[in-house]
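A quick write-up on the structure given underneath.
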Amino acid sequence: MKWGNDLSTFVEKFRQYLKPGYYDEFDYHWTMTIDLDRCTGCEACVVACQAENNLPIVGEKRYAQNREIKWIRIERYWEGEYPDVKMGFIPMLCQHCDAAPCEIACPVFATYHNQDGLNTQIYNRCIGTRTCAVYCPYEVRYFNWFTYTWDEPLEQQLNPDVTVREKGVMEKCTFCIQRIRLAKDNAKDDDRRRVRDGEVVPACVQSCPTEAMAFGDSNDPEAKVSKMMKNPRGYTVLEELNTTPSIVYLKKAHAES
Amino acid sequence: MQFIGAGSLGVAGGVLYGESVQKDVELLIPQVVPPEDYSPGVASWYNTVCNQCSAGCGISVRIREGKAKKIEGNPVHPVSQGRLCARGQAGLNVLYNPDRIRSPLQNATSRESGSFTEISWDEALTTIGSRIGRLRIEGNASRVRLLTGSTRGGLDELFAQFMSLLGSDHYQQYDFTDPGALRAANRIAFGMDQLPHYDIKHADYLLSFGADYLATWLSPVHYSLAYGHLRQGRDGQRGRTVQIEPRMSLSGAAADEWIAARPGTEGLLALGLAHELLRAGSYTGSDRDEWASALQPYSPAMVAAETDVSVDTIVRIAREFAESTASLAIAGGATAAGTNAVASVVAVNALNYLAGNLNQPGGIFFNPDPAFSAAAGSRQVGMQGMLDLAEAMEAGDVEVLIVHDSNPVHALPENVRFRQAMENVPLVVALSSFHDETTDMADLILPTNTYLESWGDDVPDPGVGFPVASISQPVVAPLYDTLPVGDIVLALARRIGGELPIRMPWGTMEEFIKARWRDEYDGRTAGLEGQDFDAFWQASLEAGVWGQPGIVAGDPSMPSSAAMIAALANPVSEFAGDESDYPFVLHPYLTATFLDGRGANLPWLQELPDPMTSVVYGSWAELNPATAEDLGIREGDVLEVETPAGSVSVPALIFPALRPGVVAMPIGQGHTAYGRYARNRGANPMDLVSMQIDDRSGDLAWAATRARVRNTGERLQIIKTDGVTRTLGRQILGPKNDHA
Amino acid sequence: MFDHGQPSYAEVNKDILSVMLETGPRYWMLLGTTMSVAVIFFFMPWFYQLIVGVGAAGMSRNAYWGTYLSNFIFWIGLSHSGTLLSAILHITNSPWRKSVYRSAEAMTLFSLMTAALFVMVHLGRVWFVHWSFPIPNQMGLWPNFRSPLMFDVMAITTYLTASSIFIYMGSVPDFAAVRDASTGTRRRLYTIFSFGWRGTAREWHTLGWAYTFFAVFVIPLAVSVHSIVSWDFALSIVPGLHHTIFAPYFVCGAIYSGTAGIVTVMYCLRKFLNFERYIGQVHLDNLGKLLLALSLIWSYINMLELFSSWYGGSSFELEALKFKLTGFYAPLYWEMILFCAFVPLLMFFRKFRWSWNKMLLISILINIGMLTERFIIVATSQPRKFLPNAFGFYFPSWIEISITIGSFAIFATMFLIFIKWVPAISIYEVKETLKPLRRDA
Ligand SMILES: Nc1nc2c(c(=O)[nH]1)N[C@H]1C(S)=C(S)[C@@H](COP(=O)(O)OP(=O)(O)OC[C@H]3O[C@@H](n4cnc5c(=O)[nH]c(N)nc54)[C@H](O)[C@@H]3O)O[C@H]1N2
Ligand SMILES: Nc1nc2c(c(=O)[nH]1)N[C@H]1C(S)=C(S)[C@@H](COP(=O)(O)OP(=O)(O)OC[C@H]3O[C@@H](n4cnc5c(=O)[nH]c(N)nc54)[C@H](O)[C@@H]3O)O[C@H]1N2
Ligand code: SF4
Ligand code: SF4
Ligand code: SF4
Ligand code: SF4
Ligand code: SF4
């Protein structure tokens, strides 16, 4: 009898373990859509993220060693040969995978799933094994190979809502969690239970001059992202890996002619 | 800190001790009596104007504890609509740049030495004021020259008043990115000095002749927004774009079709399209016959042979262009930088005229009712004006040269010899925030506030289809012992004396701007009923912008076609250099990151991968893969690129979307000064450009030089983020598309 | 059994203990050399890296794991033969084990420790390494037991503990022998080490029983350790790493390199400590056969790995495979195949198995090949993951190379110290193999 109970508790626990981040259901499910038919590869989002999230200026030498830190980067893909040559851009940032390979990697829980469906990174907890980065199929994790400093007085620009990381820790896109937090605080101050659609705008989404990106809670069927996700052009990158990303790309449309 | 002068060890020790204590006690708020709008931990946003290019985007700056933290687009500004480009975001690197000039400087010894000593503002202003004052009294005011970049709005007005009160008509502007050919052609075709509003947003067929409207042309953020809308902003309707240019730009990458016509023949292609459009009977205006006879020589067959674009393509594009409800043709980039640039743009204008795109949604709107009357760009002198200035300097006709926001020593081709000409000017005054190449040649440097610390106003040009004016305001207190440019001008006026301080009575730029807006307000009270000036001012200041969206395009009448027809000419560009000696065409291009090089001192931009190539920190020369293979050139081989005007050495980059026979080089690097991030990095392709000028605009034909390349055998690592730029069949850009 | 005639008990004691009790200048010079090399090549660069950050090494966003981790696997692998072999041979009662196993077990211990050092060197913030242990803390935060790195921590600490106990247990009678042969402080020390061993029948019985128990216990542990280490890779989904075969592949490779390591160590013992009488042709021949068998298994698994990568037809796997076989590191790959698959085939010939010098050469080549194998695993898979745009390259920096060299010196240092503290050959077990005794013993 007792054994049976224990077993069912165990099975229950185990089931729980199989769920993304062990949650039955996310409070919010922050999701981003990126319309590649709008995206021009202008990289405004890249600088926006750098400004918002205190990304370091690594310098020429370290850039040459591929030690740059860009939480969002634009990948370029050529198709065809001259003169029938085409260029495809795709912004690549942490996909906040529901089944995140990086999360099983981390021995110390420095990266884990939070209640909002975000893949979070706890800098203080990270011991720098870099396993998460090896496991991440999107290669969007960036490591602090050094402690980066800012030439005086560039440090005055640093965003006080975001920490500055030291050598030896991993970092990556947070979906601008500080902005999510602010929106939640504001909602609470207004006696609202939930954040409204459009209230959270990550820095990259905010800046995008072609309005290629949308961000919101895909648990809310009325949210803009929920509608965008239904677009027939929608897909997720490396779908075959079953990471269930929280970023839905809308494929570039091609001119019919 | 003046105590240090006392020199005794004890005092110095005391000061050092004080310094170290101050370092330890990091105050949350660095003021004794903080301004009342400082609320620790709470961000405030101030609206002002971006100054990183001439588009005039409205920006909002996030301030925490008195420090600027982030720049975003001003959501209520009609140009940027809350969005911003990479350069605009990097404005914080201007403000907090470690290489800013922190106090007035005087040349220590010789111009060449580049070493400066600190002096006081009083000393500096007195030196300049008395010298100019003397010239004014002697009636030699015309020996004072003022050169600025693309100064607009209140500051431009202030400079103009200053110079005219002084009695010198030598206030000129030079900005490499100024669309001189566009202005000249529009003047000819449309009789319009001001740039029109290009309504890309509502177009459904955009034909761009070399204009990289998504990155560098006129108003990149505004057009990017428009592009997004053109593509996916309308249900069930997706606009189409075609880009004609020898080297794929960002706009070319976005286009549905990229056509690498033979360099210098893009205008001719426009005429061929016009010819075909007319032949197909798409144009039915009363002046049809005049057009037909003017366009008669440009048959598709003839144009195809010249441009290397097939007859089929010409016929098809002409049909698509004519059949689209809202088509639009624009010109810029290399198309507007040949020896016959104006003719090329006129040809594109003709195309718009014939397709009925004028004053139509999705077409071109004329915008004759700007806020404030000064027509922008009117003081741009182009290359001819700069040659004249250099000549005057060389001849000893210039005694005082004041330079602000312009870097001719770097921007002009080497053979203008601007640097050498500066040697002949007894007093060069630079109003500048940075030690760029020109500033370093100055005798006196008056350090200016950056745009984020200054008052000003601006009328965007091109506009947005209705009157708009923006206000610049300081978003943070000045960091150093610097002054706003406007305040310097006013201070100089006071030192020079005479009529100047009487006619320019404002104590500060802020007062001047406010007065200017009061005038504008008074002139427009009809439209601003029910609001007194203070309320209007306050509202404009908070919004950072004022506009009248209701009022669209004052003059909907069609421009006459006669001038256009008369101005039609075979717009094929002449190239400097003989084809047999110089088998390549040199294609310099503006980059999305540095524009003409003004962004090169900003670390965020140096570290921003070039959007098309992903290269950072350096410059390069692009070759078509097949060409490179023929020449046995691999990426990273150092090439000597040589033209009749000069030669530079840069590493080779293989670029798939480049017409064979063209060598493309980004503009922007190659600084010999301009701070730690820019100095001694890459090469400046301007050093390769032969001095050829399009007579009709006076502008430099910077895309009309031939070149040859030689593999030096050396190698240099090109730093870039791209690994392999082919998808290798992986479904990264989407599930296998049905159109592939 | 003995090449140079059977020694007496006294001679056994004398031969083996003399190594411990008599220390000449040559020893000190050797020790001095290895220690200096360890400090200069390993600890000083590491110290530098601690100050500037792991960026001192050559890793980048193209390969977050590099030489440190490949060396870690190499050393873990090297550790395998010792305890494992000793245990298996003990259970199967192979008499030739007896003169080999002590050093082999020591090798296990020291290579495990060297491996652990590489984990430290690898970490970005080694000063927080204790967070990866399940130590109760006020935050109530445990390590992530889903992480293969946690499996590692568990497996390696268990293996290290078990191996330490195993070697210690087997050494107790010998410690007693040392105690009996020495005076003064050493005697007092070894009295403690030997737990007051007197050699009664009951003691022998208990030891035999416990030893056998541990031997049985250690075998699955050894298999699990390298399986688990392989899962650090195989549990990722990285092409070239995400292979089912990895666990047996790693275990086999580990025993393979470990056995080759033993040959090297035995050669040194024989050569430098004059153990010719105890380590003879029989040992060499048997080890040679074992090595040969392992090399065949290893080659077979390697072919399987290549085959399944190719046969699977996944574009990701194929690209990684192509990079491995034809990319920048292809020469290294083919070097590995030559050293680990082809060279060992020479051991089919008795001529090679019976020659100390030839066997030494073969075993060293095998270990060079195995060091390369680990390097290739990390250096050719990570730079070819899923997004071609993020493809890149990894090349170790001088610091990584220096630390790799230094690690051998650390290992050697530990070994040199070991032979002065523990009889390098099991005295009592060697005695067990002697024929019935002459009276004078
Ligand atoms: N209800 C409640 N009470 C608490 C606590 C709590 O959590 N809840 N926390 C307790 C704890 S842990 C602490 S440390 C104390 C803190 O208590 P206090 O020390 O009183 O801290 P504050 O109220 O944050 O700040 C004190 C004042 O310093 C001013 N100030 C800010 N910057 C400067 C500056 O640069 N110079 C000068 N001269 N003044 C400056 C602020 O405007 C403010 O008026 O409160 C304790 N009391
Ligand atoms: N914006 C802002 N930030 C500040 C300050 C500020 O004034 N304003 N003050 C600064 C100062 S002086 C301080 S001391 C820090 C304080 O910063 P924190 O240490 O973060 O302080 P709290 O938020 O008060 O408490 C932390 C958490 O402890 C939980 N808690 C309460 N009792 C217990 C308990 O018995 N056990 C456990 N495990 N948890 C408990 C609370 O529910 C809360 O979630 O903040 C600093 N940061
Ligand atoms: S800002 Fe927008 S358009 Fe530009 S690269 Fe980023 S997603 Fe694409
Ligand atoms: S994209 Fe990479 S880092 Fe982000 S959640 Fe997925 S696996 Fe983790
Ligand atoms: S690098 Fe940090 S976050 Fe990543 S697995 Fe290691 S400890 Fe976890
Ligand atoms: S969501 Fe925020 S953190 Fe993530 S890429 Fe965008 S700006 Fe950076
Ligand atoms: S387009 Fe020009 S004005 Fe607008 S944000 Fe970019 S740099 Fe600034």
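The values are calculated or read from the model by the stated rules, or taken from the named source; none is laboratory data. Computed from a prediction, not measured in an experiment: that's the story for all the values here. Cβ: placed from backbone, ideal geometry, glycine included. Neighbour counts: every protein chain shown. Remember, those area values only see protein heavy atoms, side chains included, never the ligands or the DNA or RNA. Shrake-Rupley method; radii C 1.70, N 1.55, O 1.52, S 1.80 Å.
A few remarks follow.
- Taken over the stretch C:302-326, the residue count meeting the criterion of being assigned to a helix (DSSP H, G or I), touching a residue at least 24 places away in the same chain (Cβ under 8 Å) and either surrounded by 19 or more Cβ atoms within 10 Å (Cβ to Cβ) or of a type in the set (Gly, Ala, Ser) (or both) is 10.
- Among (1) open to solvent by less than 10 Å² (accessible area, probe 1.4 Å); (2) in a loop (DSSP other than H, G, I, E, B), the one test that residue B:52 misses: (1)
- Within this structure, residue A:33 fails the test of being open to solvent by 10 Å² or more (accessible area, probe 1.4 Å), within 13 Å of ligand 6 (Cβ to nearest atom) and not in a loop (DSSP other than H, G, I, E, B).
- Of the candidates B:80, B:142, B:110, B:130, the single residue that is away from ligand 4 (no atom under 16 Å from the Cβ), among the hydroxyl-bearing types (Ser, Thr, Tyr) and buried (at least 18 other Cβ atoms within 10 Å of the Cβ) is B:80.
- Conditions (1) over 15 Å from residue B:612 (Cα atoms); (2) buried (at least 24 other Cβ atoms within 10 Å of the Cβ); number of the one not met by residue A:42: (1)
- Number of positions in the stretch C:159-190 that are of a type in the set (Ser, Thr, Tyr) and open to solvent by 60 Å² or more (accessible area, probe 1.4 Å): 4
- Evaluation of residue C:220 against (1) over 30 Å from residue C:66 (Cα atoms); (2) open to solvent by 60 Å² or more (accessible area, probe 1.4 Å) (one fails), failing number: (1)
- Candidates B:141, B:184, B:189 - the one that is more than 30 Å from residue B:352 (Cβ to Cβ), in contact with a helix residue (DSSP H, G or I) (Cβ under 6 Å, 6 or more places away or on another chain) and at pLDDT below 95: B:141
- Single condition residue A:50 does not satisfy, out of (1) more than 16 Å from ligand 7 (Cβ to nearest atom); (2) without any contact (Cβ under 8 Å) to a residue 60 or more places away in the chain: (1)
- Scope the stretch A:71-85; condition out of contact with any Ser or Thr (no Cβ under 6 Å at 6 or more places or on another chain), open to solvent by 10 Å² or more (accessible area, probe 1.4 Å) and within 12 Å of chain C (Cβ to nearest Cβ); matching residues: A:73
- Between B:202, B:170, the distinction of being under 27 Å from the mean Cα position of the chain (by Cα) and farther than 30 Å from residue B:364 by Cβ belongs to B:170 only.
- Filter result for residue A:221 (part of a loop (DSSP other than H, G, I, E, B) and without any contact (Cβ under 8 Å) to a residue 60 or more places away in the chain): yes
Every residue, every condition in (1) within 16 Å of ligand 6 (Cβ to nearest atom); (2) more than 21 Å from residue A:133 (Cβ to Cβ); (3) in contact with a Phe, Trp or Tyr (Cβ under 8 Å, 6 or more places away or on another chain); (4) within 7 Å of another protein chain (Cβ to nearest Cβ), yes or no:
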position	(1), (2), (3), (4)
A:3	no, yes, no, no
A:17	no, yes, no, no
A:26	no, yes, no, no
A:47	yes, yes, yes, yes
A:52	yes, yes, no, yes
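- Among the conditions (1) within 13 Å of chain C (Cβ to nearest Cβ); (2) within 18 Å of the chain's Cα centre (by Cα); (3) at pLDDT 95 or above, the only one that residue A:21 does not satisfy is (3).
- Residue in the stretch C:407-415 that is under 30 Å from residue C:122 (Cα atoms), touching a helix residue (DSSP H, G or I) at 6+ places or on another chain (Cβ under 8 Å) and among the β-branched types (Val, Ile, Thr) present: yes
- Of the residues making up the stretch A:86-117, those that are away from ligand 5 (no atom under 16 Å from the Cβ) and either within 9 Å of chain C (Cβ to nearest Cβ) or surrounded by fewer than 19 Cβ atoms within 10 Å (Cβ to Cβ) (or both) are A:90, A:92, A:99, A:115.
- Residues being near ligand 4 (Cβ under 8 Å from one of its atoms), in contact with a Phe, Trp or Tyr (Cβ under 7 Å, 6 or more places away or on another chain) and farther than 18 Å from residue A:237 by Cα - total across the stretch A:87-142: 1
- Residues of the stretch B:222-246 that are part of a strand (DSSP E or B), open to solvent by 10 Å² or more (accessible area, probe 1.4 Å) and either modelled with pLDDT of 95 or more or aliphatic (A, V, I, L, M) (or both): B:240 alone.
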